[in-house]
């Protein structure tokens, strides 16, 4: 494993904290709504305009701030503000990614993909109108009626493949707002998270999804681990892996498979809704190599997964893969809309550490562990992480600095080394107690499918 220069990694690049504080001030303006800006809100918008004054965004953002201050709050003005916020966070992302690559000696590919293009859609316009109303009202003014106004638009989005990304985002966003409504009664508003979702959704309404670049790859896929993102209405398994294509360094890639679900499908049952990808799930559960053929890959390093193009191979220890190949692997380029520090998730292998009160200590470095983000659909628990001797995880950055999200751990049990991975239950729980409890509670996915089939037959 290539060492990490912890002192360099821990030092925040110049200007990052000022930029983050500027964005936080803008996010605070969305709490009460841009329809009733106070002095602090007006200052926050002016500061944002000043931050991008020397860029191509300078003129449209300055005009947007003037319009909003005058009460002319249209979707174009809000889109310009969302673009400015994204640009500032993009600069933060780039500074942090460079710091990470320098501290670990990583190599990262340059972005060579298409630029986002303008898209015109009646549905997208409907989304903008709803997002406009949210911004004018502010989070404190959101209630069930305002959230419900998006229902028909979101439902229609699901039928448009080119708008599926927007559909998933808005569906989950609306569900969060609905669960929190009436938001005026909340003690604390997640201002940053909701501003992230709002601004990203607004930018996506102007983006026409272009088909991926025609590059296809064939080679051996060596899995490092899987990060499971779950919402009440959707689940995504994001597999981090290394792709070997001929000689030379491996490429670090991702495989993301998603499915819609209902909020009653939780725990190990979540894997069943991803059942259209049996070979990928088997490779996760059994730690197997996958040989892929003629599989499309995006400029950002995301394989467009087709289970039929994959062949299961022999077992491959993810920890051995990380020790031998990860340090020299080429990291993927970052798409323009993904240049946000919230998307930083860099796979690392850590060994020889100790964990004290939820903080990993190694060679003078200290990194908080995100044990609260361990998925319920896998066997990894905070207690197992605390007892581990090695960890494959994702280094992520938040306002407070870097943190570690575990994907897999090694521990010693009675003198033997044991591994535990998030994806170990991808084909069902291997823990007898969990399997028995799941069987006793019934197969919720099968029940829902049977009920859906009955409704369709009627």
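Observations on the model:
- Restricting attention to the stretch 355-390, the residues that are part of a loop (DSSP other than H, G, I, E, B), touching a helix residue (DSSP H, G or I) at 6+ places or on another chain (Cβ under 9 Å) and within 22 Å of residue 223 (Cβ to Cβ) add up to 8.
- Residue 151 being in contact (Cβ under 8 Å) with a residue 12 or more places away in the chain and either more than 24 Å from residue 263 (Cα to Cα) or surrounded by fewer than 15 Cβ atoms within 10 Å (Cβ to Cβ) (or both): yes
- Test result for residue 321, within 24 Å of residue 346 (Cα to Cα), crowded, with 21+ Cβ neighbours inside 10 Å and modelled with pLDDT of 95 or more: yes
- Counted residues, the stretch 35-51 - those being touching a residue at least 24 places away in the same chain (Cβ under 8 Å), surrounded by 14 or more Cβ atoms within 10 Å (Cβ to Cβ) and under 22 Å from residue 131 (Cα atoms): 6
- Considering the stretch 240-354, the qualifying strands (runs of 3 or more DSSP E), each wholly inside and each with 3 or more residues that are within 30 Å of residue 89 (Cβ to Cβ) and outside the structural domain of residue 113 (by TED's automatic domain parsing), run over 251-260, 346-351.
- Filter result for residue 55 (at pLDDT 95 or above, assigned by TED's automatic domain parsing to the domain that holds residue 184 and more than 30 Å from residue 329 (Cα to Cα)): no
- Single residue of 206, 194 found to be surrounded by 18 or more Cβ atoms within 10 Å (Cβ to Cβ), modelled with pLDDT under 90 and at negative phi: 206
- Residue satisfying all of: in the stretch 52-68; part of a helix (DSSP H, G or I) and buried (at least 21 other Cβ atoms within 10 Å of the Cβ); nearest to the chain's Cα centre (by Cα) among these: 61
- Pairs where the first residue, in the stretch 388-412, is at positive phi and the second is outside any loop (DSSP other than H, G, I, E, B) and modelled with pLDDT under 95, C-beta under 7 Å, 6+ apart: 401/10
- Residue check for residue 285: farther than 30 Å from residue 196 by Cβ and in contact with a strand residue (DSSP E or B) (Cβ under 8 Å, 6 or more places away or on another chain): no
- Exclusive hit being more than 22 Å from the chain's Cα centre (by Cα) and closer than 21 Å to residue 58 by Cα, set 155, 76, 133: 76
- Residue check for residue 111: assigned to a loop (DSSP other than H, G, I, E, B) and either under 21 Å from residue 174 (Cβ atoms) or not assigned by TED's automatic domain parsing to the domain that holds residue 326 (or both): yes
- Residues that are over 19 Å from residue 339 (Cα atoms), free of Cβ contacts under 8 Å to residues at least 24 places away in the same chain and part of a helix (DSSP H, G or I) do occur in the stretch 11-34.
- Scan of the stretch 366-384 for residues that are under 24 Å from residue 100 (Cα atoms) and surrounded by fewer than 19 Cβ atoms within 10 Å (Cβ to Cβ), ordered by number: 366, 368, 370, 371, 372, 373
- Count of the stretch 250-267 residues which are touching a helix residue (DSSP H, G or I) at 6+ places or on another chain (Cβ under 8 Å) and exposed (fewer than 15 other Cβ atoms within 10 Å of the Cβ): 3
- In the stretch 69-93, the residue that is farthest from residue 129 (Cα to Cα) out of those that are free of Cβ contacts under 8 Å to residues at least 24 places away in the same chain and part of a helix (DSSP H, G or I) is 80.
- Selection within the stretch 385-402 - surrounded by fewer than 19 Cβ atoms within 10 Å (Cβ to Cβ) and over 27 Å from residue 263 (Cβ atoms): 386, 387, 389, 399, 400, 401
The values are calculated or read from the model by the stated rules, or taken from the named source; none is laboratory data. Owing to the predicted nature of the structure, the values given are computational and were not obtained by experimental measurement. Don't worry about glycine lacking a Cβ; one is built from the backbone with ideal geometry, like all the others, and counts go over all protein chains shown.
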